[in-house]
Every structure is written in structure tokens, then in C-alpha cells.
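Where a number appears in this text, it was derived from the coordinates with a stated rule and is not lab data. Fair warning: this is a prediction, and the values are worked out from it, not measured in the lab. Reconstructed Cβ throughout: ideal geometry from the backbone, glycine too, with neighbour counts over all protein chains shown.
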Amino acid sequence: MAAFEANFDGLVGPTHNYAGLSYGNVASTGNQNAVASPRQAARQGLAKMKALHDAGFKQGVLAPHERPSVASLRLLGFTGTDAQVIAKAAKEAPAILAACSSASTMWTANAATVSPSADTQDGRVHFTPANLNNKFHRSIEHPTTGRILKAMFGDERHFAHHPALPAQMHFGDEGAANHTRFCAEYDQPGVEFFVFGQAAFDARYPKPARFPARQTLEASQAIARLHGLSDARVVYAQQDPDTIDLGVFHNDVISVGNRNVLFHHERAFLNQPAVLAELDRKLAAVGGRFVAVEVPEAEVSVEEAVKSYLFNSQLLSKADGKLIIVVPEESRNTPRVWQYLEKLQQSGGPIDEVRVFDLKQSMQNGGGPACLRLRVVLNEAELAAINPAVMMNDSLFETLNQWVDKHYRDQLSAADLADPQLLNECRSALDELTQILRLGSVYPFQLG
Ligand code: SUG
């Protein structure tokens, strides 16, 4: 049965703002207190989804969450009506209110790890929402993410949902941002590649010195067990800790893969030749020919990769077997990176087309094209079993743009987060969105 890679992009929520919440993500801390445009952010994301849908790719939408998270503020001791909870937090702990107001669920590469049915023991597609334990503002995402995923992939004959891993640094899990799947054809068994930043239970593995390593080896291993993956078709690799200290806070800031191709920086992994050899060997065992396109430090430095988000790109398979690379405008604006991309297209290698998108609103928080999407490989039967209302088409694009214009502010600053009206705006927007995307009751205010 034919299978496809579908991309589910995060719809940017109404509270998109720049609060500098992610230490180790240099764009996030560097843009703290800049004024954001939630409306523009959502429109930029929708434009990418529509363009890729128009180019023939399967494209879906993942809904944003209710923010500020009043439930989280209550857990931290703020009491009264919802408006009072927000007012007290704004006065006594504005940084906590900002964390509870982040629209960070837009970066759906961190929503979950997904294993296609061709790889799993029970022949179902497996989902584990990421606990995102390293950052408080992200650690509150997984319960709602889990409910939304179930509302999209509800058929238990095809889809298996696990709870997030234990919420503890030993099992820090950042989802698909540190996970890639290689295969010969999407419907055939593939090799799942897990990249971690540190080992929590084994002191022999090095650690970065400055910035946190968010993903642990033990979290990746737990996901592989839960999803019923075979050891023969799993590869673990450690990210080079020195690159984490340069701002590579997820593996998808230094490498990206699709089908049989890995596009990566020279300094992406520790013991890189051995990692590539294992991928080559394990992919060959399932009938695939592994191709690594390595970008040398001499041509693009790690700093340039972080600034341009060259590797936070999407590789999309065309009918002729070649790949399109989808990069953000920042890659075009970084001279040596653009030179590299021009050369890459002419190189005769697997990547022969570049597409550029303006995602500046998300980029200023460290979220490029790859951060904004969750990949799910689905065969025809599975595709037919998902909630069809979440799939992009001309009419959904139109509806969602109108919905954004109706509900979203054009500007949002740190001071605006104290406005209790923002919560009401978010709730009425989400009430309408649940109808549009037929999600049922997935948000705390709907659950009571
Ligand atoms: O977790 N930024 C996100 C960006 C996530 C990017 N995802 C991938 N690379 N897959 C993060 O650091 C910043 C929010 C703020 O500062 O307001 C933030 O959460």
C-alpha cells in the first residue's frame, strides 16, 4: 500500500510573543521584549502550509493551545477568578505569567515523536507527546497536545497513543526535533535515528558546558521501547556538545533527513563517521541506499548554521525522486549559506530545488520551517482514518485566514500579557477553531 509523509504544522496561537524564555536558544533570548505580531505570525505559517499543499504535499494543521494557562498558574498558588489569577501573576510574578502565556505549541516538531506503522511491532502508528521537561513554558504542553493528537488520529485500529515520559530531567524528551526516519520507500520498514544531547544515567558521555542538553539518551531509548521498534532498525547518536554551546539546542538545527538522505553539518554528531556508517549499514539491511550530504565547517560555520537555520529546513520528496529544500528567508540573507545553497542545487546530488519562506515571526523565537511541522508517515488506509477536517485545502486556508483576522491582535508586547482580555480572546478563538477542525473538547476551559 502506498504511503506518504504528511506534515502537520502548528497554527500559531493568539498570544505569540517574545519573552526570552528559552536559555540556549539564542534567537529567543536575543529577541526578548521585542514586539510580536501574532496575526502576521499565524499568516506566515498558513502561507507555508498552503504553498506546500499546492505543491502536492500532504499538509495538515495542529491547533494551538489555550494561553495563558490559568490551570498552570493555579497550580503555582494564584487564586480567585481567572481574571484575578492573571492580575496577581502579572503583579507578583510577570516572568511566570509570560511562561504561561507562550504560544510555543506552534513548534510541533516538539509536539511528539511519531513512528510509522511499518516500523512498529503492532503495525500501528505510535505517538508519544514530548514532556519538554527542560523549559517550564514548554513542559505544560503535553496533556493538551496528547488530546489534540487523539482528536486527529483517533482510530485505535491504526493509531496508538502513549502518555509523555516521566516529567524529570533524566527523561527530558523534545520529540521529533531529535528524531529522523530513513527508509527506501515510505511504506517499507525504516531506520529510526534518535539524537540525544546527554546521557542522564551514564557519566561517560560528555555534556555541554554552557547551555542545557534537552534530550537524554534514556528518553530516546524509552520511546523506542514504547513504540515497539526493532534494535536492528534503530540508531542512537550524540549531538556534539560543543555545538549545543553554540546554540544548537535541538538536532534539527544542525541536520535534517528524509527518505534515504541526511543533510547535515560536519560537526553535527560525536563520532560522526561511525554514526554515518551505522546508518548506512542498517538502511542497507532494509533495502535502502544511504546518502549523506555533509556541509563542511569551512563553507558554513556552526554559527552561520544557527543564524541562517539552514538545517532547520524541510526536505520534501518530489515525484522524480529528487528533494526540495524548504528554507527560511534568513538562509537567503546569510551570504555564505546562500552561496552554498546555489551550489547545492547544481551539484547533481539528491537536493536540486530550494524554496524560501518568510517565517520571521517564528524565527525570532528560534523556530524555522522544520520546527513548525510534525511529520507523520501514513499509508492510504491510515490517511483515510484521520480526522479530515485538519487537512489543508483551499477552503480551510481561506477559513483559517479569516479566523486569524477576526481573533488575533496585530501587535503583542510583554506588557500586554497582563491584560485579562487576552484570555477571553484566546478562548473565543479556540471555541470557533474546535468547530472548524472538529476537535471536540480538548482545551482545559472546555473540559471544565
Ligand atoms: O523550545 N522557542 C522554542 C523554539 C523551538 C524550536 N523547535 C525546534 N528546533 N524543533 C524552544 O526553544 C521561545 C519562546 C519565547 O522565548 O517567548 C521558545 O520557546
Full extension between residue 360 and residue 332 adds, at 0.36 nm per residue less the Cα distance, a length in nm of 8.8 nm
Here the relative contact order (percent) of the stretch 1-64, from C-alpha pairs under 8 Å and at least 6 apart, is 46
When 26, 300 are ranked with the fewest other C-beta atoms within 10 Å first, the list becomes 26, 300
Check: C-alpha center the stretch 404-419 vs C-alpha center the stretch 256-311, spacing in Å is 40
Ranked from fewest to most other Cβ atoms within 10 Å of their own Cβ, 408, 205 fall in the order 205, 408
Computed on Cα atoms only, the convex hull of the stretch 1-141 has an orientation-averaged projected area in nm² of 10.9
Amide H proximity to residue 266 below 5 Å, modelled H, separation 5+ or other chain, gives 295, 297
For 202, 416, ascending order of other Cβ atoms within 10 Å (fewest first) is 202, 416
Expected unfolding gain across residue 347-residue 274 under the 0.36 nm per residue rule, minus the alpha-carbon gap, is 23.7 nm
Surpassing 31 Å at the alpha-carbon level, of the pairs 135/322; 58/307; 135/343; 207/307; 135/318; 58/207, are 135/322; 135/343; 135/318; 58/207
The distance between the Cα centres of the stretch 40-113 and the stretch 180-208, in whole Å, is 28
For residue 91, counting only aspartates and glutamates whose alpha-carbon sits under 15 Å away and dropping same-chain residues fewer than eight positions off, the answer is 82, 416, 419
The stretch 58-173: relative contact order from alpha carbon pairs under 8 Å, six or more residues apart, as a whole percent, is 22
Plugging the Cβ-Cβ distance of residue 156 and residue 380 into 1/(1 + (r/R0)^6) at R0 = 25 Å yields, to the nearest 0.05, a FRET efficiency of 0.85
Given 10 °C, 1.306 mPa s and a Kirkwood radius over Cα pairs, the Stokes-Einstein diffusion coefficient of the chain in µm²/s is 73
On the formula 1/(1 + (r/R0)^6), with r taken between the Cβ atoms of residue 415 and residue 169 and R0 of 45 Å, the FRET efficiency rounded to 0.05 is 0.85
For the chain, averaging the sequence separation of alpha carbon pairs under 8 Å that lie six or more residues apart and dividing by its residue count, the contact order in percent is 24
GNM on the chain, Cα springs under 10 Å; top mean-square fluctuation among 171, 127, 153 goes to 153
Long-range amide H partners of residue 260, meaning residues 5 or more apart or on another chain whose placed amide H is closer than 5 Å, are 183
Per the 1/(1 + (r/R0)^6) rule, R0 = 30 Å and r from the Cβ atoms of residue 92 and residue 425, FRET efficiency to 0.05 is 0.80
GNM on the chain, Cα springs under 10 Å; top mean-square fluctuation among 206, 129, 241 goes to 206
Comparing 389, 209, 237 in a Gaussian network model of the chain (Cα, 10 Å), the one with the largest mean-square fluctuation is 209
If the label point sits 7 Å along Cα→Cβ of residue 339, residues of the stretch 271-294 with amide N under 14 Å come out as none
Amide H proximity to residue 62 below 5 Å, modelled H, separation 5+ or other chain, gives 9, 10, 11
Among the Cα-Cα pairs of the stretch 247-328, the proportion with separation greater than 16 Å, in percent, is 53
Between the Cα axis of helix 82-92 and the main Cα principal axis of the chain, the angle (0 to 90°, nearest 10) is 80
Percent of all Cα-Cα pairs per 10 Å bin for the stretch 319-437, counting from 0 up to the last occupied bin, reads 10, 25, 33, 22, 10, 1
